[in-house]
Amino acid sequence: MNSHEDFERWILEDEALPPDSAQQLSRHVAECDSCRVLQEGLDQSLSIIRNASIIKPAPGFMFRWQEQFAQRLKEKEESERIRLILAILGMLGLLSVSSCLVLFSPQNLVSTGLQVSNLLKLAAINLHQFKAMFSVIKTPLLILGAGSLILIAVYVLIGTLSAMAIKQIRKGA
């Protein structure tokens, strides 16, 4: 004996049923109100879909859609490039600072750690300000220019820290 769910599934399936199953389904639909409503609703919906007229798009729709798609794709690629550049700059800065820390003696490590912590806070604040600025002004040259300024600042910082480390090493030697 088939369950009620089997009959509902048969009604909604697109495949043709074997003759004995089709007879069972037609008997069940004649007796069951919910399955009859389901069958009638499906038949009406399919009739509406089959008889619906095809609406043609407005002239130039495809051209406008392709232009918008190309623009969105270009914007997405641009933002991914910016993220990659910023990530690389951040990693270079972090690696450079951490390699300078290795050169310091243990007695200066705490004060250097505090200075680096303050520099990182400052960098985070500046990054937040740059992010706000970039959301308003979306100019790749500005982003590359700001990235270059950050890179120059990191190299100046690394040079200063390296010079201090070399001085400390020479004093200790």
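Within the accessible surface of the range 1-42, defined with a 1.4 Å probe on protein heavy atoms only, the carbon and sulfur portion equals 52 percent. Spin-label model, Asn118 to Ile49: label points 7 Å out along the Cα-to-beta-carbon direction sit 7.0 nm apart. Ranked by solvent-accessible area (1.4 Å probe, protein heavy atoms only, all chains present), the residues Glu67, Glu31 order from largest to smallest as Glu31, Glu67. Estimated at the nearest 10 Å², the accessible area of His4 is 60 Å² with a 1.4 Å probe. Cut-off under 15 Å on the C-alpha distance; same-chain residues fewer than 8 positions from Lys76 excluded. Which aspartates and glutamates are left, in chain and number order? The reachable aspartates and glutamates, counting only those whose Cα sits under 15 Å from Lys76, are Glu67. The residues of the range 1-92 expose, per residue, 84 Å² of accessible area to a 1.4 Å probe.
Using heavy atoms of the protein chains and a probe of 1.4 Å, the accessible area assigned to Leu127 is about 90 Å². Rounded to two decimals, the Cα-based Rg/Rh of the range 19-99, with Kirkwood Rh, is 1.53. Each residue was assigned an accessible area with a 1.4 Å probe, and for Trp65 the value is about 110 Å². Ranking Arg81, Arg9 from most to least accessible surface, computed with a 1.4 Å probe over the protein chains only, gives Arg81, Arg9.
For the range 9-22, putting each phi into the Karplus relation 6.51 cos²θ - 1.76 cosθ + 1.60 with θ = phi - 60° gives couplings of 5, 5, 5, 7, 6, 8, 7, 6, 8, x, x, 5, 5, 4 Hz, in residue order, rounded to whole numbers and with x for Gly and Pro. Ordered from largest to smallest accessible area (heavy atoms of protein chains, 1.4 Å probe), the residues Met164, Met91 come out as Met91, Met164. Between His4 and Leu127, residue separation times 0.36 nm minus the direct Cα-Cα distance comes to 38.0 nm.
The values are calculated or read from the model by the stated rules, or taken from the named source; none is laboratory data. This structure is a prediction, so every number in the text was calculated from the model and none was measured. Reconstructed Cβ throughout: ideal geometry from the backbone, glycine too, with neighbour counts over all protein chains shown. The protein model used for the area step is the full one, side chains on, heavy atoms only, and it has no ligands, DNA or RNA in it. Shrake-Rupley method; radii C 1.70, N 1.55, O 1.52, S 1.80 Å.
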